[in-house]
Amino acid sequence: MSDTDLRARIKEMLVKNLMLQVTPEQIGDDLPLFGANGLGLDSIDALELVVSMEKTFGVGVPSSEVAGKALQTVNTIHDYILEKRSAAA
């Protein structure tokens with residue numbers, strides 16, 4: 001899967017599983033997912049996102065520390081998924 005395809009799947013997962021009121025195309029790769037200056041996700045959304053990542057990509061997030069780094073933007077999720085997949089290979 002290409003980097004572009006993976007980013008598109010991440011955006012689709014975000015919109016579908018978190019029931020966001022935006023389209024995948026409206027989510028920038030570096031847009032903050034949490035906080036007022038981004039999508040405005042909260043801690044409940046973070047839990048849902050972790051579950052969605054596990055179901056969709058087979059990648060778990062073991063702790064809140066890891067989640068804090070991995071779940072900042074589409075790009076950080078993308079890099080985290082690739083890192084976990086290459087470690088498992």
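FYI, it's all coordinate maths here, none of it is from the lab. Given the structure is predicted, the values throughout are model-derived calculations rather than measurements. When we count neighbours, we look across all protein chains shown, and the Cβ atoms used for this are built from the backbone with ideal geometry, even at glycine.
Determine the sum of side-chain charges near residue 17: Lys and Arg each +1, Asp and Glu each -1, restricted to other residues whose C-beta is under 15 angstrom from that of residue 17.
So the surrounding residues net to -1.
Nearest 20 debye, what's the magnitude of the dipole of the chain about its Cα centre given +1 on Lys and Arg Cβ and -1 on Asp and Glu Cβ?
That gives a dipole near 200 debye.
Most mobile of 37, 17, 75 per a Gaussian network model of the chain (Cα springs, under 10 Å)?
37
Test of understanding: in a Gaussian network model of the chain with alpha carbons linked when under 10 Å, which of 45, 30, 79 would top the mean-square fluctuation ranking?
Sorting by GNM fluctuation, first place goes to 30.
How do 23, 56, 73 rank when sorted from fewest to most other Cβ atoms within 10 Å of their own Cβ?
Listed from fewest to most nearby Cβ atoms, that is 23, 56, 73.
Report the extension gain between residue 8 and residue 29 in nm, rounded to one decimal, defined as 0.36 nm multiplied by the number of residues separating them, less their alpha carbon distance.
6.6 nm
Which entry in (i) 109; (ii) 78; (iii) 88 is this structure's computed volume of the Cα convex hull per residue in Å³?
(iii)
Given the options 36, 67, 46, which has the most mean-square fluctuation in a GNM of the chain, springs set between C-alpha atoms less than 10 angstrom apart?
The residue that fluctuates most here is 36.
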